[in-house]
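Take a look at the structure set out below.
The values are calculated or read from the model by the stated rules, or taken from the named source; none is laboratory data. Fair warning: this is a prediction, and the values are worked out from it, not measured in the lab. Ideal geometry is used to build each Cβ from the backbone, glycine not excepted, and the neighbour counts take in all protein chains shown. Side chains included, ligands, DNA and RNA excluded: accessible areas come from the protein's heavy atoms. Shrake-Rupley method; radii C 1.70, N 1.55, O 1.52, S 1.80 Å.
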Amino acid sequence: MKVLKFGGTSVGSAESLAQVVGILKDNQEKGTPVAVVNSALSGITNLLVEAGQLASAGDEQYKTVLSTIERRHIQMIEETMATATQAQVLEKIGAYLQQLRDILHGVFLIRELSKRTGDVVLSFGERMASYLLSTYANQHGLATEVLDARKIIVTDANFGNARVFFDKTNKNIVNHFASSSKIQIITGFIAATEEGVTSTLGRGGSDYTAAIFGSALNAEKIEIWTDVDGVMTTDPRQVKKTYSLASLSYAEAMEMSHFGAKVIYPPTIAPAMIKNIPISIRNTFNPEFEGTLISSQSSNWDFDVKGISSISEVSLVNFQGSGIMGVPNVPYRLFNALSEAEINVIFITQASSERSISFAISPEDAQRTKQVLEAEFSPELSLHKVDAIEIRHDLSVVATIGENMRHQPGVAAKLFGALGRNGINVVSIAQGTSELNISVVVEKKDLGKTLNCLHDIYFLSDETRLNIFIAGVGLIGSTLLAQMKAQYENLLKEHLKINIVGIANSKQFYFDSEGIDLDNWKALLLEKGTKGNIDGFVDQMVDLNLSNAVFVDNTSSQLVVENYQRILNNSISITTPNKLASSGDFMKLQEIKQTAMRRGVKFFYETSVGAGLPVITTLNDLLNSGDKIQRIEGVLSGTLSYIFNSFKVGTSFSEIVKQAQAAGFTEPDPRDDLNGMDVRRKILILSREAGYQMDISDVAIEGILPDSCMQAPTVDDFFTELGKHDHHFENILKEAEADGKVLRFIACMEKGKATVSLKAVGPEHPFFSLSGSDNIISFTTSRYLERPLVVKGPGAGAEVTAAGVFAEVIRIFNHLS
Ligand SMILES: NC(=O)c1ccc[n+]([C@@H]2O[C@H](COP(=O)([O-])OP(=O)(O)OC[C@H]3O[C@@H](n4cnc5c(N)ncnc54)[C@H](O)[C@@H]3O)[C@@H](O)[C@H]2O)c1
Ligand SMILES: N[C@@H](CCO)C(=O)O
Ligand code: NA
């Protein structure tokens, strides 16, 4: 024998009734006898509650609600019943509705709805639904009859939440089933007192009915049929990719439910659990799918954690004071007072100092809780042994659940590490010694982020989203987007989903938290983008509060840099080829780095020196392993390298500068390259990495640009002006060539002294043979003393720079996961 329970959505439409009959027939074919428990049509119980409340308040609107209830049932009959039988079925439902109308009229007249009468009102939902289901099933070749559970389940008179007398109930069940041959369609949720007065079983009622029958009948299984594929790893409304759990232990299922997962109401599990009857959660609309099996077995499951459930809205009460320390009856009085006031406590923690006890409750109980505790502890409050009762609102509880967590070091570390890296503040923590559940209280605004990042770290097998925000979609930014698009599928195979959530240029920005279409980003930004500057972009990014977030600054803008503190403070990592922060004000840079460290996020800027070449990481590797830097020397400008490598007597200097610009090597304003500013910044960045507290003014420079070029108002004017000085550059070149030398723009730092100058070097010099836009950086250190460590290769250009930024984005991801 199996007991099958169908929820409201399973009996709420023509389609679903057909599915139910299919499921029943399937069992019949397999020779498995079944008993069926059903709920009211979906939504009807709430309407009944509403009608009762309106009527008792003397509000005629109850009649409108009643009509809605009537219409739902009539519509079901018209959609599902054979035409010839419709009149008869309508008559029967009509009789139920007339009774209900009479009762509500009475309630309306006397303006009172006792719990006792409320249960009678509610009972109509299940009674009508059972009648419809049974009639429909009989019309489709099954032999069923309605079993009104009020004849079977005996309870006390605690209406609304009655307690079952199991001895009598179980006897009734066994006797009834001994004499019935048809499939029993049992009204869920309702029961009756010994005197035969209608009662209800409280929250989760129909599941409970199924467990009561299943247990009395020693059923081989109880199946709860609903509209989802069983129990999911977490709330699918909050997390995009969740999985259905194949199995749960009873204890896990209870923990999941206690913390809000729409699984099964914990008390309903008890009768089944005592008899070790497995409960399976199935989808009426996907009956082939096995769903979730809840049993005593702890299943094979590859992950430490089974599920992450949450209660989105709780209030946290802090009860503290010097007078409660070590006083044994304080907790007793506290929780007893709450229990007498029927206030449900969701979560408790107590610090070992015993100075305070915190507990979470539903927000609607907050006011009452305060009153109850103030009354109970009024003497202690007036003597200041207990502090004023504090209640914090707008919080959520997130519970991480699973039997595999037991005796498993590292699970909690993972959890708190992920929360920390994502900037989620933990307000309170509880873990029972059963190690089945780690619960944390977080701010409500962080709930979605918390569920997403925990789901990512525990169930990472499928895919992790990296949420990326890009400021600057010029040369580097657009190349980066193209590279990310090209690599998208490959990364997905590695379980990494590149999710570009926001893009911005200097005038507007565009967001799509599901990921901007990379085939179309330009049009989306231009046509659908919001007008606004970087501050607005960062505001919206912060508001989205996504986990695994990275900000990429592909601009050369100081306005963007001004936002770094705020971005890092919101636990969003940064990678950038923009040199302004790392070569800007020293104290500000320190603050930025400290914020990143404090928030456990990254601030990376490898591409600001030598583009994609590993310059800064190499320097850091040397330093971290204890090497001492003696000297750093390099050609650090791709532009200047290209220019002087290509500049031959007879060619025009200004033409070559234009070529460098066209090749994408130059700064947005090429003068930043030619005046040596770009190189000064780079040698400053490296000097600071090497431990020197230096500023840009500490980098001496011998400029090569005539003043008139510097003063030209626009880049075009500059080129015109530069053309006038071609002969000047040719002369410098000729001088060098006369000595068998070439021109190289070299930066050097030794013992905290940095210089940048154009030098003529001969064939003996390691930089002599440079070509293309190559950068070269040589590190002379204690360990690389005679022969320096050299990094060399293209140090500018869209592809290599964007690739370097891309690599840092991935490095940040590796750190986050
Ligand atoms: N080109 C290279 O080879 C190379 C190599 C290493 C580093 N870099 C650095 O990369 C950065 C970008 O260079 P690029 O060549 O792509 O420049 P670009 O001029 O082509 O693009 C700059 C982008 O930034 C946007 N922008 C500017 N100010 C902004 C602001 N305040 N807010 C939002 N967006 C803003 C612009 O609208 C544009 O989309 C620069 O910092 C540059 O120094 C470039
Ligand atoms: N304009 C820069 C880009 C790399 O930072 C260069 O030419 O090297
Ligand atoms: Na680099």
- Task: Looking only at the stretch 548-556, decide whether some residue is more than 18 Å from the chain's Cα centre (by Cα) and hydroxyl-bearing (Ser, Thr, Tyr).
- Result: yes
- Is there any pair linking a residue in the stretch 125-146 that is among the polar types (S, T, N, Q) to one that is in a helix (DSSP H, G or I) and surrounded by fewer than 19 Cβ atoms within 10 Å (Cβ to Cβ), with Cβ under 8 Å and at least six apart or on different chains, and which? Thr135/Thr85; Gln139/Thr85; Thr144/Asn138
- Message: Pairs needed: first member in the stretch 22-36, open to solvent by 10 Å² or more (accessible area, probe 1.4 Å); second member anywhere, acidic (Asp, Glu) and assigned to a helix (DSSP H, G or I); C-beta distance under 9 Å; at least 6 residues apart or different chains.
- Response: Thr32/Asp26
- Message: Just checking, does the stretch 122-129 include any residue being surrounded by fewer than 15 Cβ atoms within 10 Å (Cβ to Cβ), in contact with a strand residue (DSSP E or B) (Cβ under 7 Å, 6 or more places away or on another chain), at pLDDT 95 or above and of a type in the set (A, V, I, L, M, F, W, C)?
- Response: no
- Can you find a residue in the stretch 683-700 that is at pLDDT below 95, in contact with a Ser or Thr (Cβ under 6 Å, 6 or more places away or on another chain) and in the same structural domain as Ser652 (by TED's automatic domain parsing)? yes
- Residue list for the stretch 204-245, restricted to those being touching an Asp or Glu at 6+ places or on another chain (Cβ under 7 Å) and under 23 Å from Asn452 (Cα atoms): Lys241, Ser244
- Query: So which residues in the stretch 635-663 are within 11 Å of ligand 1 (Cβ to nearest atom), small (Gly, Ala, Ser) and open to solvent by less than 10 Å² (accessible area, probe 1.4 Å), if there are any at all?
  - Reply: Ser637, Gly638, Ala660
- Name every residue in the stretch 603-628 that is assigned to a helix (DSSP H, G or I), within 16 Å of ligand 1 (Cβ to nearest atom) and in contact (Cβ under 8 Å) with a residue 12 or more places away in the chain, in order of residue number. Glu606, Thr607, Ser608, Ile616
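So, in the stretch 354-365, of the ones that are in a strand (DSSP E or B) and more than 23 Å from the chain's Cα centre (by Cα), which residue ends up surrounded by the most Cβ atoms within 10 Å (Cβ to Cβ)? Steps first, please.
Just the residues of the stretch 354-365 that are in a strand (DSSP E or B), to begin with: 356-361.
Keeping just the survivors that are more than 23 Å from the chain's Cα centre (by Cα) gives 356-359, 361.
Numbers: Ser356: 16, Ile357: 18, Ser358: 21, Phe359: 23, Ile361: 20.
The selected residue is Phe359.
Quick grid of which residues meet (1) within 16 Å of ligand 2 (Cβ to nearest atom); (2) outside any helix (DSSP H, G or I):
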{"position": "Ile516", "(1), (2)": "no, yes"}
{"position": "Phe537", "(1), (2)": "no, no"}
{"position": "Val542", "(1), (2)": "no, no"}
{"position": "Phe551", "(1), (2)": "no, yes"}
{"position": "Thr555", "(1), (2)": "yes, yes"}
{"position": "Ser571", "(1), (2)": "no, yes"}
{"position": "Leu580", "(1), (2)": "yes, yes"}
{"position": "Ser583", "(1), (2)": "yes, yes"}
- Output the number of the condition that Ala796 fails; it satisfies all remaining conditions of (1) away from ligand 2 (no atom under 12 Å from the Cβ); (2) modelled with pLDDT under 95. (1)
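Give the residues of the stretch 206-240 that are over 28 Å from Ser513 (Cα atoms) and within 32 Å of the chain's Cα centre (by Cα), sorted by residue number.
Initially, the stretch 206-240 is screened for residues over 28 Å from Ser513 (Cα atoms), giving 206-226.
Of everything in the stretch 206-240, those that are over 28 Å from Ser513 (Cα atoms) and within 32 Å of the chain's Cα centre (by Cα) turn out to be Asp207, Glu223, Ile224, Trp225, Thr226.
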- How many of the residues making up the stretch 326-368 are touching a Leu at 6+ places or on another chain (Cβ under 7 Å) and among the polar types (S, T, N, Q)? 1
- Query: In the stretch 161-200, what residues are closer than 14 Å to Asn38 by Cα, in a loop (DSSP other than H, G, I, E, B) and open to solvent by less than 10 Å² (accessible area, probe 1.4 Å)?
  - Reply: Gly188
- Hey, can you tell me all the residues within the stretch 265-277 that are touching an Asp or Glu at 6+ places or on another chain (Cβ under 8 Å) and under 19 Å from Arg163 (Cβ atoms)? Tyr265, Thr268
- Restricting attention to the stretch 667-713, which residues are open to solvent by 50 Å² or more (accessible area, probe 1.4 Å), in a loop (DSSP other than H, G, I, E, B) and out of contact with any Gly (no Cβ under 7 Å at 6 or more places or on another chain)? Pro668, Gly691, Gln693, Asp695, Glu702, Pro713
- Message: Criterion first (within 16 Å of ligand 1 (Cβ to nearest atom) and without any contact (Cβ under 8 Å) to a residue 60 or more places away in the chain) does Phe768 satisfy it?
- Response: no
- Given Ser315, Ser299, Ser295, Ser310, which one is within 30 Å of Ala412 (Cβ to Cβ) and at pLDDT 95 or above? Ser315
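Residue-by-condition table, conditions (1) open to solvent by less than 10 Å² (accessible area, probe 1.4 Å); (2) over 29 Å from Leu613 (Cα atoms); (3) at pLDDT 95 or above:
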| residue | (1), (2), (3) |
| --- | --- |
| Leu496 | yes, no, no |
| Tyr510 | no, yes, yes |
| Ser513 | no, yes, no |
| Asn554 | no, no, yes |
| Asn578 | yes, no, yes |
| Ala581 | yes, no, yes |
- Message: Can you tell me which condition Leu466 does not meet? The list is (1) within 16 Å of ligand 1 (Cβ to nearest atom); (2) touching a helix residue (DSSP H, G or I) at 6+ places or on another chain (Cβ under 9 Å), and all the others hold.
- Response: (1)
- Inside the stretch 126-152, can you point out the residues that are on the phi < 0 side of the Ramachandran plot and either in a loop (DSSP other than H, G, I, E, B) or charged (D, E, K, R) (or both)? Glu126, Arg127, His140, Leu142, Ala143, Glu145, Asp148, Arg150, Lys151, Ile152
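Counting only residues that are under 25 Å from Gly196 (Cα atoms), give me the helices (runs of 4 or more DSSP H) lying completely in the stretch 20-118 with at least 1 of them. Full working, then the answer.
Details: elements: 44-56, 62-80, 83-110.
Fully inside the stretch 20-118 and qualifying: 44-56, 83-110.
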- Item | Test: residue in the stretch 447-458 that is aromatic (Phe, Trp, Tyr), in contact with a Lys or Arg (Cβ under 8 Å, 6 or more places away or on another chain) and under 17 Å from Val305 (Cβ atoms) | yes
- Note on the structure: Only unsatisfied item for Ala486, checking (1) surrounded by fewer than 18 Cβ atoms within 10 Å (Cβ to Cβ); (2) assigned by TED's automatic domain parsing to the domain that holds Pro363; (3) more than 18 Å from the chain's Cα centre (by Cα); (4) of a type in the set (Gly, Ala, Ser), is (2)
- Any residue in the stretch 577-599 that is within 16 Å of ligand 3 (Cβ to nearest atom), under 22 Å from the mean Cα position of the chain (by Cα) and under 21 Å from Leu419 (Cα atoms)? no
- All-but-one check, Gly600 against (1) on the phi > 0 side of the Ramachandran plot; (2) in the same structural domain as Gly676 (by TED's automatic domain parsing); (3) touching a Gly at 6+ places or on another chain (Cβ under 8 Å), failing number (2)
